Amino acid sequence: MSQPAIRIDNLGKMYRIGRERPRAESRLGRVGQAMLSPFEWLTTQMRKPSEDEILWAMRNISFEVKRGEVVGIIGRNGAGKSTLLKVLSRITEPTEGQAEIRGRVGALLEIGTGMSPELTGRENIFVNGCILGMSRREVLDKFDEIVEFSGIRKFIDTPVKRYSSGMRVRLGFAIAAHLEPEILIVDEVLAVGDAEFQEKCLGKMHNIAGHGRTVLFVSHNMQAIEQLCSRAILLRDGRVAMDGDDPRAVVDAYLHLHQSKQQEGALWRNPGDRFSNKYFTPLSLGIVGADGNPVNTPFRNNDEMTVRIEGDVREIDRNTHIGFLLTDERENTIMVSTYTDEASEHWPKLREGRNVLQTRLPKRLLNEGKYRLHLDIQHRPSSRGKGKKVIVDGQYGEVAVQFSIVGGLSDSLLWQHKRPGVVAPVLRWESGSPDHGSPGQ
Amino acid sequence: MSTNSPILTIRPSQGWGRLDLRDLWEYRDLLWFNVWREVKAKYRQMALGPVWIVLQPIMEMVVFSFIFGRVARLSDEGIPYFLMVYVAMVPWSFFANASNQSVGSLVNQMGVISKVYFPRMIIPLSATLGGLVDFAISFSVFFLVMLIMGFYPGWPFLMMPVYLLLAMLTALAVGLWTASLTVRFRDFRLIVQYGTRLAMFMTPVAYSAREFEKNIPNWVWLYQLNPMYWVVEGFRWSLLGIGRPPSLYMLYSVVIVLVTLVSGAYLFRRTERSIVDLL
């Protein structure tokens with residue numbers, strides 16, 4: 001019992017990222033560029049990567065995990081969580097440092113990995129179980145249990161391509177859940193499936209954790225982290241920022257990390273020339289009330305709220321998407337909106353120079369609570385995300401304003417209190433007499 | 001959960017690393033399932049299913065024997081021309097299919113590779129082994145045709161598996177090299193595709209090796225370095241009693257195959273480490 005299940009020592013992973021190349025102006029120039037690209041590739045490979053081509057996805061990570069510990073790993077996107085799991089599950093090699101793992105590892109980075117659509121559910125249980133590291137014997141022993149857990153006995157001999165996506169996920173998790181490794185590495189699997197299924201997954205994880213197995217669990221679901229884990233590690237910019245036996249404290253630190261980076265209140269102003277670029281340099285982000293002035297919180301649920309984004313444009317480019325990401329206090333995304341959401345003829349026109357973009361949030365939408373509005377600006381030259389450049393990252397929460405909503409939930413005297421739910425719209429109800437085809441006839 | 005559970009150390013590997021074939025052995029179940037899956041998925045939802053395995057070489061054989069045998073009237077070493085082509089077509093198709101399956105195998109399996117660890121060599125291996133099923137079927141059909149036509153193999157028949165093994169190792173060597181290179185350069189898919197087509201003409205598949213050796217004697221040394229030359233001629237020799245019996249010169253080819261195979265395996269192991277970052 002004295003030996004730790006996982007010992008990580010100064011682990012680091014470096015990626016070499018491509019440098020942005022100037023794009024030739026003329027068509028002929030671009031053809032020339034394409035012809036020369038193999039040579040360019042060679043010269044890039046020959047020389048040592050320069051500073052700006054290096055990205056350390058994680059560095060100097062050291063910690064130990066005792067047998068039976070359930071460790072939650074949290075951090076923003078890009079903090080190095082997935083890289084850490086990938087290195088620990090041997091999918092990719094570290095650049096430096098080392099890790100020692102004692103015991104059989106089961107890694108679950110995605111549900112349903114390696115399922116063949118042409119094969120039946122039964123066949124996939126064997127193939128998939130094998131891919132995840134079970135022997136044929138083990139799968140055979142657990143076969144009935146897996147089928148039972150997945151709840152798709154009726155379709156077990158149907159090719160998986162005819163399954164609904166929900167059925168696929170259920171089958172995938174059922175296989176993975178019966179892996180019974182000594183050390184389980186799980187990445188954000190609870191983000192899929194319906195509520196009932198997620199509940200089932202959480203229950204199973206709880207079960208696994210309760211049986212003295214070691215679990216490493218990455219999630220953005222803070223509630224799940226608090227419920228499941230006995231310890232949490234906060235990663236920030238590829239390093240361990242906090243490590244503690246009280247997951248709640250670490251989660252709070254994570255949430256606080258977010259807040260400290262953002263200005264409190266309903267207005268953000270660009271302090272200098274941050275995010276400077278030719279397409280849209282944000283100058284301010286605010287939520288203004290009906291009178292056009294920034295309102296300091298709280299709003300009422302039926303108040304007029306307008307999101308106002310101010311910025312400088314040097315080059316007009318319709319591939320620049322400016323918008324926001326609305327999240328609740330725990331960073332769960334509620335909705336995303338950009339000024340290019342409507343049919344393109346309705347897009348507001350941008351001018352060179354100073355621009356103001358604004359949109360009204362629907363009244364009577366959000367429930368009582370605290371919310372965060374993250375600015376999101378991206379330049380996407382193609383719909384498939386190639387050449388995409390994130391100017392301000394909404395997911396990462398670089399620029400955000402906060403507001404809260406209190407009261408105004410309903411005009412009815414009966415319903416003045418907060419009700420359950422993220423949103424609290426007031427719907428119109430109607431009555432009428434049943435027509436000819438009414439039920440029961 | 002005892003204290004003697006295996007210890008896995010993860011650290012950056014240096015230099016060319018080790019082959020670590022034990023790892024491969026531990027995952028043999030997966031290899032088996034992968035082969036099985038490949039074969040099964042290939043012929044699902046096809047009206048003719050495995051009949052295709054038989055149809056393909058037969059059709060090619062008919063075309064070749066018509067063009068060369070009837071119209072061009074090449075010599076045929078005293079046996080029906082189409083049988084001479086047919087016997088070569090069976091191992092050749094196996095080789096060509098297995099190589100072409102392996103080339104893109106890593107890239108095609110990216111979804112799994114980026115999410116689960118297993119020895120990546122299983123992928124090109126199962127592509128090659130999967131071809132054996134096709135081979136077994138088309139060979140049985142050939143064997144039947146041969147018997148019906150009154151040709152009964154003698155003791156050299158016992159050598160046939162050796163030639164099959166040579167074909168397999170050659171395909172695997174090609175597969176390991178090109179699958180690794182395809183990760184960086186997708187060009188290799190096309191190179192193998194055209195390469196196998198070209199190689200068919202440099203191998204005595206659709207014509208008799210004697211023709212070549214009689215007409216271009218200066219290049220015979222190079223011509224016979226091709227391992228598939230020995231496979232094709234070996235199939236002819238062991239089954240029909242024509243072609244070239246094994247000779248010492250064949251050892252050169254075998255050595256070439258083994259060197260390519262081992263170097264390919266090392267290259268593959270090296271690529272495997274960074275494959276997820278490259279794809």
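Any read-out appearing in this document is the output of simple, stated calculations on the displayed coordinates, not a laboratory observation. Here the structure is a predicted model, which means the values were calculated and not measured. Every residue, glycine as well, gets a Cβ built from its backbone with ideal geometry; the counts of neighbours run over all protein chains shown.
In plain terms, the residue of B:Y223, B:Y81 with the fewest other Cβ atoms within 10 Å comes first and the most crowded comes last, giving B:Y223, B:Y81.
Peptide A:116-125 is shielded by partner chain Cβ atoms: per residue, an average of 3 of them sit within 10 Å of its Cβ. Across peptide B:108-118, the average count of Cβ atoms from other chains found within 10 Å of a residue's Cβ is 6.
Of the listed peptides B:181-188, A:423-430, what is their order by residue-averaged count of other C-beta atoms within 10 Å, with the highest listed first?
Values: B:181-188: 17.1, A:423-430: 9.6.
Ranked by mean Cβ neighbours within 10 Å, highest first: B:181-188, A:423-430.
Shape verdict for region B:21-267, please, from the Cα gyration tensor: rounded (a/c under 1.5), prolate (a/b greater than b/c) or oblate. Since a/c reaches 1.5 and a/b is larger than b/c, the shape of region B:21-267 is classed as prolate.
Computed about its Cα centre, the charge dipole of the protein assembly as shown is approximately 1200 debye, with only Lys, Arg, Asp and Glu carrying charge at their Cβ.
How would you order A:316-325, B:227-236, A:341-350 from highest to lowest mean count of nearby Cβ atoms within 10 Å?
Per-residue mean Cβ counts within 10 Å order the peptides as B:227-236, A:316-325, A:341-350.
Among A:26-33, B:204-211, the peptide with the highest mean count of other Cβ atoms within 10 Å heads the list, and the full ranking is B:204-211, A:26-33. Legend: ranking of residues A:L108, B:L278 from fewest to most surrounding C-beta atoms inside 10 Å; resulting order B:L278, A:L108. This model, with +1 at the C-beta of Lys and Arg and -1 at the C-beta of Asp and Glu, gives region A:267-405 a dipole about its Cα centre of some 300 debye.
Please report the net charge: other residues with Cβ closer than 14 Å to the Cβ of A:Y163, K and R +1, D and E -1. Once positives and negatives cancel, what remains is +4. Estimated from helices alone, the mean residue ellipticity of chain B at 222 nm is -22000 deg cm²/dmol (sum of -39500 (n - 2.57) over DSSP H runs with n ≥ 4, per residue). Counting only whole DSSP H helices of chain B, the ones at least 24 Å long by C-alpha along their axis and with mean Kyte-Doolittle hydropathy no lower than 0.0 are B:81-103, B:122-148, B:160-184, B:250-278.
Pairs spanning more than 30 Å between alpha-carbon atoms, out of A:K81/A:K389; A:K86/A:K278; A:K154/B:K40; A:K86/A:K154; A:K154/B:K42: A:K86/A:K278; A:K86/A:K154. The mean count of C-beta atoms from other chains within 10 Å of the C-beta of residues in A:176-183, rounded to a whole number, is 1. Taking θ as phi - 60° and the Karplus parameters 6.51, -1.76 and 1.60, the scalar couplings of region A:367-381 work out to 7, 4, x, 9, 9, 10, 10, 9, 6, 9, 10, 9, 10, 10, x Hz in sequence order, x denoting glycine and proline. Assuming charge only on the beta carbon of Lys and Arg (+1) and of Asp and Glu (-1), the dipole of region A:368-407 about its Cα centre is about 340 debye to the nearest 20.
The calculated FRET efficiency for the pair A:K370 and A:R90, based on their C-beta separation and a Förster distance of 35 Å, comes to about 0.25.
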